[in-house]
């Protein structure tokens with residue numbers, strides 16, 4: 001462990017009681033995101049949350065002990081929202097051909113059923129609209145060979161309105177990248193996370209602004225520069241990456257951000273070259289993400305790279321970009337570059353995993369084709385194929401950062417709901 005990180009851990013350990021009091025003052029009885037996943041990168045000289053997903057799709061990567069914890073926490077989360085609720089509908093993505101996503105949704109269903117609820121899975125099937133005319137559900141096979149039954153949401157809603165189905169809460173595992181379908185608005189059932197917080201309206205820049213505010217408070221408690229716990233960023237829009245004048249505007253903003261990061265490197269005596277991650281300001285699945293080593297790189301993007309940065313999930317055009325300070329990752333697992341992902345239910349830890357990539361470098365986006373996962377057990381010991389984080393004190397810091405990201409996401413959702 002680097003001296004910088006050892007010093008940071010020491011400061012956090014010395015203020016544990018005060019930090020816990022500060023965190024719980026923001027968590028308390030507030031309705032935190034029902035679930036979230038938080039990507040954290042550590043460089044040896046700083047660590048930071050680089051992404052927060054409030055529609056996580058990796059429950060299949062949690063160890064059995066984390067899944068057991070999830071049963072207890074999801075029970076509490078549901079009962080807190082709708083007392084006496086027993087029938088749950090999970091609304092999934094339309095990735096019916098992505099067998100690993102299907103395994104994720106199967107595990108989420110299993111966790112919720114073990115918590116004592118009756119659970120069905122449905123999706124909108126707008127990609128296959130004729131399907132709903134022929135049948136009510138389809139039984140598919142996940143990546144591990146398990147069956148999962150996916151219902152047509154339209155048929156489920158019709159049965160609900162006719163009194164043939166009964167649901168008291170919907171758990172949304174669809175990030176609504178293309179907007180809120182009318183049939184979801186008509187459901188008249190409590191929905192979590194809020195439909196206002198889908199990627200049709202959510203912006204990463206808003207999340208990181210809330211995160212930065214909270215990290216300033218946390219940094220004040222432990223008396224460190226908040227830059228050691230955050231990424232500098234800048235939002236630029238509207239941008240058409242295929243228009244030269246827009247690329248110049250984006251490159252000018254990147255040059256300013258590079259200068260700001262370089263000043264912090266000099267201040268902290270960091271003898272490395274800064275880099276920036278150019279990403280869509282909304283959306284997930286690692287789409288629309290690119291590492292930039294120099295502002296001029298934006299001006300010289302070839303057609304293939306421009307095309308990859310012009311559309312995101314579901315072929316949605318990207319017009320809002322986030323320039324985010326890059327944090328190189330120091331981790332290697334099984335000789336592959338890795339980063340930590342933390343999973344939580346209402347800010348309660350349920351484990352996580354290393355996202356690994358054998359053909360990527362320390363400065364690259366690892367959430368891309370060819371990635372693999374190594375489960376991290378939420379407990380300190382090693383169980384079966386799960387691993388404990390090699391430094392439990394560092395893992396405790398990740399847990400704090402993830403909780404802060406969850407509080408920031410809560411603030412985001414409140415703000416988005418007020419505008420809806």
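Worth pointing out:
- Qualifying residue in segment 174-187 (condition: farther than 30 Å from residue 137 by Cβ and free of Cβ contacts under 8 Å to residues at least 12 places away in the same chain): no
- Entry remark, segment 166-194: residues being part of a loop (DSSP other than H, G, I, E, B), surrounded by fewer than 17 Cβ atoms within 10 Å (Cβ to Cβ) and out of contact with any strand residue (DSSP E or B) (no Cβ under 8 Å at 6 or more places or on another chain) number 4 in total.
- Residue among 349, 301, 322 that alone is touching a residue at least 60 places away in the same chain (Cβ under 8 Å), assigned by TED's automatic domain parsing to the domain that holds residue 249 and more than 20 Å from the chain's Cα centre (by Cα): 301
- The residues of segment 330-349 that are at pLDDT 95 or above and in a loop (DSSP other than H, G, I, E, B), listed by number, are 346, 347.
- Residue identified as crowded, with 21+ Cβ neighbours inside 10 Å, farther than 28 Å from residue 218 by Cα and either in contact with a helix residue (DSSP H, G or I) (Cβ under 8 Å, 6 or more places away or on another chain) or at pLDDT below 90 (or both) among 312, 384: 312
- Restricting segment 226-253 to residues that are in contact with a helix residue (DSSP H, G or I) (Cβ under 6 Å, 6 or more places away or on another chain) and in a helix (DSSP H, G or I), the residue that is farthest from residue 213 (Cα to Cα): 247
- Complete set of residues in segment 335-346 that are in contact (Cβ under 8 Å) with a residue 40 or more places away in the chain and more than 9 Å from residue 402 (Cβ to Cβ): 339, 340, 341, 345, 346
- Across segment 213-232, the number of residues qualifying as buried (at least 20 other Cβ atoms within 10 Å of the Cβ) and more than 21 Å from residue 13 (Cα to Cα) comes to 1.
- Looking across 12, 34, 74, 40, one residue alone is closer than 26 Å to residue 189 by Cα, in contact with a helix residue (DSSP H, G or I) (Cβ under 7 Å, 6 or more places away or on another chain) and outside any loop (DSSP other than H, G, I, E, B). It is 74.
The values are calculated or read from the model by the stated rules, or taken from the named source; none is laboratory data. Just so you know, these numbers come straight off a predicted model, no measurement behind them. Using ideal geometry, Cβ is built from the backbone for each residue, glycine included, and neighbour counts are taken over all protein chains shown.
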